[in-house]
Amino acid sequence: MVSANKAHRRSIRLPNYDYTQAGAYFVTIIAHQRACLFGEIIRGEMHISSFGRIVIKEWEKLPSRFPMVGLDLMVLMPNHFHGIIMVLPEIDTAMNGNNTDLDLILKHRSSMGGNREEFGQPIPNSIPTVIRSFKAAVSLRINTIRGTQSGLVWQRNYYERVIRDEMELLKIRKYIHENPLKWDLDNENPNFVPLY
């Protein structure tokens with residue numbers, strides 16, 4: 001039986017978008033209750049904890065677990081993670097996730113529609129399935145260290161944005177690169193105090 005909360009849970013995915021099609025996606029995943037599990041920022045530099053090293057290691061494993069995935073820039077923050085993930089065209093998967101030329105990838109993008117993921121019905125090799133698998137692998141390893149079976153590591157959902165062109169990719173890469181330098185002004189920082 002599906003609980004009332006799950007039955008009415010609002011999706012943050014684009015309606016009718018095929019998340020298996022070739023393209024680039026910017027994802028942000030936040031720790032449960034915004035807990036600073038993954039390290040700390042000292043003078044604009046991220047110092048990664050043992051839990052943070054697990055996050056990075058599991059992220060780096062994604063191309064070997066999902067051959068159609070390529071990884072681009074990422075940054076781990078004390079309580080959240082930003083990364084650019086590519087779904088590669090079938091012809092490029094033999095390159096093992098190393099081709100992140102967005103123009104080439106977008107040339108192979110199929111039209112919108114097709115493999116639309118519904119709640120409770122995952123589509124193999126879709127971005128939601130890849131992220132769900134990543135979050136589960138991180139949670140399992142961290143909970144093993146904690147000695148718990150089901151402690152929450154991540155918030156229930158994640159944020160994703162379809163990257164539409166090279167200019168947008170460059171802006172997101174800049175944002176990721178500068179993220180640790182702007183931690184004091186980050187809404188996710190538990191010590192952030194708005195000036196208004």
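The values are calculated or read from the model by the stated rules, or taken from the named source; none is laboratory data. Quick caveat, the model's predicted, so the values are computed rather than measured. Positions of Cβ are backbone-derived with ideal geometry, glycine not excepted, and every protein chain shown enters the neighbour counts.
Out of Asn143, Asn125, Asn99, which single residue is at pLDDT below 90 and either β-branched (Val, Ile, Thr) or more than 17 Å from the chain's Cα centre (by Cα) (or both)?
Working: Asn143 fails: at pLDDT below 90; Asn125 fails: either β-branched (Val, Ile, Thr) or more than 17 Å from the chain's Cα centre (by Cα) (or both).
Testing whether each residue is at pLDDT below 90 and either β-branched (Val, Ile, Thr) or more than 17 Å from the chain's Cα centre (by Cα) (or both) leaves just Asn99.
Could you please find all residues in region 17-33 being more than 11 Å from the chain's Cα centre (by Cα) and modelled with pLDDT of 85 or more?
Initial filter on region 17-33 (more than 11 Å from the chain's Cα centre (by Cα)): 17-24, 31-33.
Of everything in region 17-33, those that are more than 11 Å from the chain's Cα centre (by Cα) and modelled with pLDDT of 85 or more turn out to be Gly23, Ala24, Ala31, His32, Gln33.
Tell me whether region 129-137 contains one or more residues that are out of contact with any strand residue (DSSP E or B) (no Cβ under 9 Å at 6 or more places or on another chain), surrounded by 13 or more Cβ atoms within 10 Å (Cβ to Cβ) and under 17 Å from Leu76 (Cβ atoms).
yes
Restricting the search to region 52-92, which residues are out of contact with any Phe, Trp or Tyr (no Cβ under 8 Å at 6 or more places or on another chain) and among the small types (Gly, Ala, Ser)?
Passing the criteria: Ser64, Gly70.
For Pro180, work out the one condition from (1) closer than 17 Å to Val55 by Cα; (2) modelled with pLDDT under 95; (3) in contact with a strand residue (DSSP E or B) (Cβ under 6 Å, 6 or more places away or on another chain) it doesn't fulfil.
Unmet condition: (2).
Looking at this structure, is Leu37 modelled with pLDDT of 95 or more, over 15 Å from the mean Cα position of the chain (by Cα) and buried (at least 17 other Cβ atoms within 10 Å of the Cβ)? Steps first, answer last, please.
On the way: modelled with pLDDT of 95 or more: yes; over 15 Å from the mean Cα position of the chain (by Cα): yes; buried (at least 17 other Cβ atoms within 10 Å of the Cβ): yes.
The answer is yes for Leu37.
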